[in-house]
Amino acid sequence: MGLFDTLFGKKEKPYVTTPQVTPEKSKEIDDKIRAMIAGGTAGGHDNVTVNDGRSACSSCGSAGTGCNPSACSTCGGGLDDALRALERKNDAAKANETQETIGWDAITKTFEEFYPGQTTPLHFAPEVPWALGGPDPLDGISVYDAKDYYHFVTYGLSELYGKESDNMAYSGYGLEFTLKLAKEGLGSTPEEVNREVRNIAGILQSLARLVFTQNQFFAPDEYIYTGQERGIDAEGKSNLVGFITRLDNAGVIETPNGWVKFIELIGVTEAEIQGIKNDWITVPQLFQAMGTELTDYNRISMM
């Protein structure tokens, strides 16, 4: 599969809504996205919060996409707020009945080529869409089973439906996140594994929220430093506290709405982050030393 193949496909329309990408925002991020398409940067993102508690509620029906406190009876919203949230959800579903899904389909087709036969992967979608005041900007996160790991891909940083921005070069912000989570170390029960999968989905929502609200942009060969002592796993026990980024094997695709680059996140340790920050090692050198693109909670630090 070439990097610049135009991808089309059809599937059942999901219940989702699209964020607005205004011409003003398009112009603001134009140079950064073009740099990403050309090859990326070597910058970093410091003090990023990735465990913000949104995926911790065990009572939320759409696990992994975040708890919406105003609509969750467990978190104090109560039945009335939950009913209002359901009404908003139904209104959004009706509004989406006639929407095109050309951007969404392009992402799906790319990953179905990597995982033949997985036409209905595990998928998380927010209870209340971002456009209707929900806390989670991504319209969806799919999780493909790759035998030894789970492969996550986001939907929502690119334009999933019809073209909205004036810039035809790229789709939305020009990227989507991916992550390959090693199965080993996730736990011995389905409940433990489910919690870790939900946790990663929550982290992806957190990072997407930075793009939407703080105009932070992510490219290959960067680091993401949380500045926290807790691990990025649900229990906070792993020695992985941040990420480095690389270009996912899915590469860059050309969709009807423009280019989309798949930015893969790989969990790294505090010592490894400090090595990058202090110029002892570069992100590509660390990736080569690690010898894996998996986020493995049991991995021994390279530094």
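The values are calculated or read from the model by the stated rules, or taken from the named source; none is laboratory data. Just so it is clear, the structure is predicted and the values come from calculations on it, not from any experiment. Note that each Cβ is placed from the backbone with ideal geometry, even for glycine, and that neighbours are counted across all protein chains shown.
Name the single residue that is modelled with the lowest pLDDT among those in segment 134-193 being β-branched (Val, Ile, Thr) and under 23 Å from GLY117 (Cα atoms). Looking at the filtered set, the residue picked out is VAL193.
Out of curiosity, is ARG209 surrounded by fewer than 23 Cβ atoms within 10 Å (Cβ to Cβ), among the basic types (Lys, Arg) and either modelled with pLDDT under 90 or in a strand (DSSP E or B) (or both)?
Values: surrounded by fewer than 23 Cβ atoms within 10 Å (Cβ to Cβ): yes; among the basic types (Lys, Arg): yes; either modelled with pLDDT under 90 or in a strand (DSSP E or B) (or both): no.
In short, no.
Filter segment 188-205 for residues that are crowded, with 20+ Cβ neighbours inside 10 Å and among the polar types (S, T, N, Q) and give the result. The answer is ASN199, GLN205.
Is it the case that some residue within segment 246-264 is more than 30 Å from THR101 (Cβ to Cβ), buried (at least 19 other Cβ atoms within 10 Å of the Cβ), at pLDDT 95 or above and not polar (S, T, N, Q)?
No.
Taken together, GLY267, GLY227, GLY242 contain a single residue that is modelled with pLDDT under 95 and surrounded by 21 or more Cβ atoms within 10 Å (Cβ to Cβ), which is GLY242. Among the numbered conditions (1) surrounded by 18 or more Cβ atoms within 10 Å (Cβ to Cβ); (2) small (Gly, Ala, Ser); (3) at pLDDT below 95, the only one that SER301 does not meet is (1). Of all residues in segment 259-289, those satisfying the criterion of being touching a helix residue (DSSP H, G or I) at 6+ places or on another chain (Cβ under 8 Å) and in a helix (DSSP H, G or I) are GLU272, GLY275, ILE276, VAL283, LEU286.
Residues that are surrounded by 15 or more Cβ atoms within 10 Å (Cβ to Cβ), in contact (Cβ under 8 Å) with a residue 60 or more places away in the chain and not aliphatic (A, V, I, L, M) within segment 104-121 comprise TRP104, ASP105, THR108, LYS109, THR110, PHE111, GLU112, PHE114, listed in sequence order.
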